[in-house]
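The values are calculated or read from the model by the stated rules, or taken from the named source; none is laboratory data. All figures in this text were calculated on a predicted structure; none of them were measured in a lab. Here the Cβ is made from the backbone with ideal geometry for all residues, glycine too, and neighbour counts use every protein chain on show.
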Amino acid sequence: MSTPSLSAQRHCRANPGCRGRRVPGHTACLAHISDAQRATYLAGLAPGDTIDHRGTSFTEQLLSDLLDASRDPATMEVRLGSAIFESVTFEGDARFDSATFEGAADFGAVTFKGACNFASATFEARAGFESATFKGDAGFESATFKGDAGFESATFRRDAWFESATFRRDANFTSATFEGHALFASSTFESRARFGSATFEGHALFASSTFESHAEFGSSTFDGDAWFESATIEGSGWFESATFRRDAWFESAAFNGAAWFESVTIDGDACFALATFTNADRFGPLVCAGQVKLSGATFGSPVTLSVVARHLVCRRTRWSSTAEIQLRYATLDFAHAVFEYPLTIAAESDPFLLTDGRQLVEAAFAAAPGPGVRVASLRGVDAAHLVLSDLDLAGCLFVGTVHLDQLRLEGACTFDTAPPGVHWRRRLPVRFTERRILAEEHHWRAGRAGAVQGWNVEVVGAGRAGPIQLAPVYRALRKSFEDSKHEPGAADFYYGEMEMRRHAGDIPRSERGLLTAYWALSGYGLRASRALAWLGAAMLLTIVLLMVFGLARDTPKQTATGTVPAGGGKVTFEIDRDDPANPTGPWFTGERFEKALGVTLNSVVFRSSGQDLTTAGTYIEMASRLTEPVLLGLAVLAIRNRVKR
């Protein structure tokens with residue numbers, strides 16, 4: 001609204017320091033004319049008249065007299081035409097409740113020293129409160145602004161009450177300062193709502209508010225909690241470069257247009273639980289020093305989420321289109337999330353870039369050890385369309401994940417490992433071979449009686465999962481690794497699967513014994529060193545047994561006997577060979593070792609040595625030819641499983 005400046009007005013002459021506008025027909029302002037003159041002036045006012053008292057200082061009684069003069073006798077409500085109160089100072093409380101401003105209402109640069117009450121007031125035209133100062137509570141509850149509402153650079157020293165207010169056209173609070181609480185709960189903005197660069201030093205309450213057009217909060221600062229619970233934003237929600245010093249609550253909010261949270265900084269937690277993002281194509285990049293909660297939220301279009309946070313919770317979050325989640329520093333809980341199209345979760349090694357090319361400032365994480373991203377849970381997720389890239393899965397809970405065999409792991413996705421070193425259990429040394437291990441196996445082993453140190457104990461809410469539940473999880477992950485041609489990784493999960501089968505309580509004892517033997521001899525065909533050690537031990541035992549029991553004392557001699565017929569003729573000889581004699585010592589000689597070694601080496605490759613053996617030696621060789629080639633085959637199999645691609 002354009003009005004002449006005070007310098008061009010006829011100022012009050014009754015007081016040299018008074019800047020009030022003269023009352024028509026007088027040389028003084030309404031505050032300084034005589035009582036009789038004031039009474040005459042007020043008596044001449046009718047409801048709906050235009051009043052212009054800019055620069056005047058109003059006491060509480062003087063304002064009451066002015067408003068009473070404009071009160072409609074039929075409704076007993078104040079009805080004003082154009083009301084110009086520019087640069088006015090209201091010394092006491094200002095009560096405009098239920099008043100109707102039929103023309104423009106100009107309260108620019110006004111100072112309200114007491115409380116002001118515009119509750120249920122109606123502004124038919126523009127309402128201007130630019131640069132106004134509200135030193136007491138400002139009450140605009142259920143007020144209706146049918147024209148533009150201008151509160152640019154206004155200062156609210158105490159609470160500002162706009163609950164259930166209606167803004168039919170633009171509401172401009174750009175650069176406004178709310179030193180108390182800003183209460184806009186259940187308010188309706190039918191046109192653009194501008195709060196850019198506003199400062200909210202107390203709590204900002206926009207719960208259940210409706211923004212039928214754009215909601216602009218770019219570069220605004222929220223020093224207290226910001227509440228947007230159940231708010232509806234039909235247009236774009238602009239929070240670019242906003243700063244939230246405490247918690248930001250957007251639970252059950254509806255973003256039906258774009259949701260711009262680029263370069264937003266949140267020093268507390270951010271809650272978007274049950275929020276709806278209908279057409280948002282991106283979310284962030286933003287920085288949250290605490291937890292970002294998206295549990296139960298719904299994304300209706302292709303979207304990219306870029307978040308720097310300590311925790312990101314997406315329990316039962318739903319994506320109805322493709323999505324990419326880019327994270328830094330975060331621990332992600334993705335339990336029971338639902339997505340119908342490909343979804344990628346990736347850890348970003350470098351800071352996010354903003355649209356202007358600048359890097360996102362991550363001051364809250366300056367002391368963090370690294371930008372790695374950890375996944376806490378994938379339980380209840382259908383992983384058929386899920387891609388994980390460069391994530392730490394050491395603490396991830398997998399039991400209950402569907403189609404885990406179709407999960408794609410890209411980049412450097414890491415799992416937990418077994419406790420290193422040698423441990424003691426029941427006075428016996430125990431050493432666990434290094435392999436990829438699921439968090440649930442850690443929890444299960446840590447809860448067993450006599451568990452060694454190094455296994456991670458169960459976290460709160462992880463639930464109990466035993467070998468029966470873990471075996472199919474390992475099996476599915478093994479297939480996933482095999483499909484991606486990562487055979488060494490698949491081998492680790494095969495080992496885990498066999499371990500769980502061996503410890504499961506639903507298999508027959510005979511099968512458990514067979515699995516135990518398979519584990520002890522070769523680590524399920526995956527530990528070449530174990531098979532080679534058994535092979536070496538078997539060969540050494542064979543050599544010792546052959547030197548003591550198997551090799552004959554001397555080489556048996558052959559004897560030929562025959563009878564010459566009396567009349568001459570054909571002579572028939574019978575050639576006999578002595579049975580190998582059992583050795584009597586010395587047993588451990590170089591010659592006997594050489595012979596025993598030859599027999600053993602031939603047994604390893606399943607060949608007969610041709611040595612003269614005692615009866616015991618024959619059985620020793622048979623046992624050697626049965627066991628040692630098997631052990632050699634297990635060693636070769638283990639090597640192949642580790643090196644093939």
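Quick notes on this one:
- Looking across segment 23-60 at every residue that is among the polar types (S, T, N, Q) and part of a loop (DSSP other than H, G, I, E, B), the one that is modelled with the lowest pLDDT is identified as Thr27.
- Only one of the numbered conditions (1) in a loop (DSSP other than H, G, I, E, B); (2) closer than 20 Å to Ala376 by Cα is not met by Lys485, and that is (2).
- Condition check for Phe250: buried (at least 23 other Cβ atoms within 10 Å of the Cβ), of a type outside the set (Gly, Ala, Ser), in contact with a strand residue (DSSP E or B) (Cβ under 7 Å, 6 or more places away or on another chain) and closer than 20 Å to Pro302 by Cβ: no
- Checking each residue in segment 492-511 for being small (Gly, Ala, Ser), over 13 Å from Glu441 (Cβ atoms) and modelled with pLDDT of 85 or more picks out only Ser510.
- Pairs meeting the criteria (first residue in segment 46-65 and more than 18 Å from Arg22 (Cβ to Cβ), second residue loosely packed, with under 15 Cβ neighbours inside 10 Å and of a type in the set (Asp, Glu), beta carbons under 9 Å, at least 6 apart or on different chains) are Pro47/Asp72; Gly48/Asp72.
- Scanning segment 134-147 for residues that are touching a residue at least 40 places away in the same chain (Cβ under 8 Å) and either in contact with a Pro (Cβ under 7 Å, 6 or more places away or on another chain) or not small (Gly, Ala, Ser) (or both) yields one hit, Asp137.
- Checklist (1) more than 20 Å from Gly257 (Cα to Cα); (2) crowded, with 20+ Cβ neighbours inside 10 Å; (3) not small (Gly, Ala, Ser) applied to Glu179, failing item: (2)
- Taking segment 476-525 as the range and being surrounded by fewer than 16 Cβ atoms within 10 Å (Cβ to Cβ) and hydrophobic (A, V, I, L, M, F, W, C) as the test, the residues that pass are Leu514, Ala517, Ala520.
- With respect to the conditions (1) crowded, with 24+ Cβ neighbours inside 10 Å; (2) under 21 Å from Asp49 (Cβ atoms); (3) in contact (Cβ under 8 Å) with a residue 40 or more places away in the chain, Glu102 lacks only one, and its number is (1).
- All told, Gly235 meets the bar of being under 27 Å from Arg168 (Cβ atoms), of a type outside the set (S, T, N, Q) and part of a loop (DSSP other than H, G, I, E, B).
- Total residues in segment 189-212, condition in a loop (DSSP other than H, G, I, E, B) and either buried (at least 24 other Cβ atoms within 10 Å of the Cβ) or of a type in the set (Gly, Ala, Ser) (or both): 10
- Residue under evaluation Ser609, criteria (1) touching a Gly at 6+ places or on another chain (Cβ under 7 Å); (2) under 28 Å from Ala528 (Cα atoms); (3) of a type in the set (Ser, Thr, Tyr); (4) at pLDDT 70 or above, criterion not met: (4)
- Residue that is farthest from Pro467 (Cα to Cα), among those in segment 489-508 that are over 34 Å from the mean Cα position of the chain (by Cα) and in a loop (DSSP other than H, G, I, E, B): Pro508
Per-residue answers, yes or no, for (1) outside the structural domain of Gly536 (by TED's automatic domain parsing); (2) modelled with pLDDT of 65 or more; (3) farther than 30 Å from Ala533 by Cα:
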position: Ala566; (1), (2), (3): yes, yes, yes
position: Val571; (1), (2), (3): yes, no, yes
position: Val599; (1), (2), (3): no, yes, no
position: Asn602; (1), (2), (3): no, yes, no
position: Thr618; (1), (2), (3): no, yes, no
position: Met622; (1), (2), (3): no, yes, no
position: Glu628; (1), (2), (3): no, yes, no
position: Ala635; (1), (2), (3): no, yes, no
position: Ala638; (1), (2), (3): no, yes, no
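- Among residues of segment 68-87, those that are crowded, with 19+ Cβ neighbours inside 10 Å and assigned to a strand (DSSP E or B), counted: 5
- Here Pro371 does not fit the description of being in contact with a Ser or Thr (Cβ under 8 Å, 6 or more places away or on another chain) and either within 23 Å of Arg478 (Cα to Cα) or free of Cβ contacts under 8 Å to residues at least 24 places away in the same chain (or both).
- Residue within segment 415-422 that is farther than 21 Å from His503 by Cβ and either basic (Lys, Arg) or surrounded by 17 or more Cβ atoms within 10 Å (Cβ to Cβ) (or both) present: no
- Residues that are touching a Leu at 6+ places or on another chain (Cβ under 6 Å), farther than 20 Å from Gln291 by Cβ and not hydroxyl-bearing (Ser, Thr, Tyr) are absent from segment 361-382 altogether.
- The number of residues in segment 159-178 being under 24 Å from Glu240 (Cβ atoms) and in a loop (DSSP other than H, G, I, E, B) comes to 7.
- Beta carbons closer than 6 Å, at least 6 apart along the sequence or on distinct chains, pair a first residue in segment 547-558 that is under 11 Å from Thr614 (Cβ atoms) and assigned to a loop (DSSP other than H, G, I, E, B) with a second that is at pLDDT below 75 and among the aliphatic types (A, V, I, L, M) for Ala552/Ala581; Arg553/Ala581.
- Selected residue (only one of Gly268, Gly180, Gly196, Gly235 is touching a Gly at 6+ places or on another chain (Cβ under 7 Å) and closer than 17 Å to Ala309 by Cβ): Gly268
- Subset of segment 415-469 [in contact (Cβ under 8 Å) with a residue 40 or more places away in the chain, more than 22 Å from Arg527 (Cα to Cα) and out of contact with any Gly (no Cβ under 6 Å at 6 or more places or on another chain)]: Glu440, Asn456, Val459, Ala462, Gly463, Ala465, Gln469
- Out of Ala182, Ala193, Ala270, one residue alone is among the aliphatic types (A, V, I, L, M) and under 19 Å from Asp159 (Cα atoms). It is Ala182.
- Conditions (1) under 59 Å from the mean Cα position of the chain (by Cα); (2) buried (at least 18 other Cβ atoms within 10 Å of the Cβ); number of the one not met by Thr59: (2)
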